[in-house]
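The values are calculated or read from the model by the stated rules, or taken from the named source; none is laboratory data. Because the structure is a prediction, the values reported are computed rather than measured. Note: ideal-geometry Cβ built from the backbone for every residue, glycine included; neighbour counts use all protein chains shown. Please note that ligands, DNA and RNA were not included when accessible areas were found on the heavy atoms of the full protein model with its side chains. Shrake-Rupley method; radii C 1.70, N 1.55, O 1.52, S 1.80 Å.
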Amino acid sequence: MIRLAIISLVIAAVLAILGFGGAAGTFVGIAKILFFIAIALFVLFLVLGLLAGKGIKNAID
């Protein structure tokens, strides 16, 4: 996800340099959406991992 966001930002930078402002703005918007989705998934999996770790620890004890 983060890789796709970075690729979108690079494409946006190239398009901005070449003068395609509308397309560059679109790619920046895509990069923002991908970045926030990646952050949300990271937090979700972090919480699930912590809960699963506690569940296994309680099962072993």
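Brief remarks follow.
- Selection from region 26-47 of residues that are open to solvent by 90 Å² or more (accessible area, probe 1.4 Å) and not aromatic (Phe, Trp, Tyr): 32, 33
- Residue count, region 35-55 (criterion: of a type in the set (A, V, I, L, M, F, W, C) and over 19 Å from residue 9 (Cβ atoms)): 9
- Scan of region 1-25 for residues that are part of a helix (DSSP H, G or I) and open to solvent by less than 70 Å² (accessible area, probe 1.4 Å), ordered by number: 5, 8, 11, 12, 13, 15, 16, 21, 22, 23, 24, 25
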